[in-house]
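Notes to accompany the following structure.
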Amino acid sequence: MTTKSPMTKFTLKNLNQMFPDDVSCLEYIRFKKFPERIDCPECKKNALFHKVTNRKTYACDYCGYQISPTADTIFHKSPTPLTTWFYVIYLMAQTRGGISAKQIQRETGVTYKCAWRMCKEIRSMLFEDNNDKLDGQVELESRILVARKPVVVVVEPMEKRLSLE
Ligand SMILES: [Zn+2]
């Protein structure tokens with residue numbers, strides 16, 4: 001291996017360890033979008049928000065007002081599990097977008113239509129707005145982009161997030 005980089009390669013094993021289920025994916029998106037405490041839009045208190053069981057939302061500890069971390073992201077209203085999304089993002093990052101919808105369908109078991117849509121969404125998120133960044137030897141493997149404009153977040157290396165758990 002001559003292409004040593006400052007960041008460790010983010011492997012599929014890392015992905016599975018870090019995101020074993022949808023809740024862990026959602027947690028991740030949540031922390032990327034919101035700080036630990038948020039000024040609640042409803043009761044105006046600086047509140048902690050807790051995960052609502054069986055929903056992709058978090059509720060204000062004081063008034064119960066719910067926020068959705070997936071709003072304004074490519075995951076919004078998608079019935080596809082977040083773990084599948086993350087896996088496809090991983091695949092696309094690994095191949096620098098060179099994976100087809102057909103391959104995604106085979107890898108994940110989603111329908112072709114769904115695979116095609118994911119492919120399109122992720123491609124635009126990963127590549128279109130970030131051409132400069134992606135031209136060089138960008139460590140895409142170690143990043144996952146969770147949101148699209150206006151809340152684009154190029155996530156720092158996964159290792160950092162791990163230490164926050
Ligand atoms: Zn509140």
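Residues in region 48-66 that are exposed (fewer than 14 other Cβ atoms within 10 Å of the Cβ) and more than 11 Å from the ligand (Cβ to nearest atom) were compared, and the one that is farthest from P81 (Cα to Cα) is H50.
Looking only at region 11-35, which residues are more than 29 Å from R55 (Cβ to Cβ) and at pLDDT below 80?
Within region 11-35, just T11 meets the criteria.
Count of region 34-47 residues, restricted to those that are within 10 Å of the ligand (Cβ to nearest atom) and under 17 Å from S68 (Cβ atoms), is 6. Among the residues of this structure, F86 does not count as one that is of a type outside the set (S, T, N, Q), on the phi < 0 side of the Ramachandran plot, in contact with a Pro (Cβ under 9 Å, 6 or more places away or on another chain) and in the same structural domain as W116 (by TED's automatic domain parsing). When the helices (runs of 4 or more DSSP H) confined to region 82-165 are screened for residues that are at pLDDT 75 or above, those reaching at least 1 such residues are found at 82-94, 101-108, 112-123. Of the numbered criteria (1) within 21 Å of R123 (Cβ to Cβ); (2) touching a residue at least 12 places away in the same chain (Cβ under 8 Å); (3) buried (at least 18 other Cβ atoms within 10 Å of the Cβ), the one K102 fails is (3).
The values are calculated or read from the model by the stated rules, or taken from the named source; none is laboratory data. Just so we're clear, the structure is a prediction, and the values are computed from it rather than from any experiment. Every residue, glycine as well, gets a Cβ built from its backbone with ideal geometry; the counts of neighbours run over all protein chains shown.
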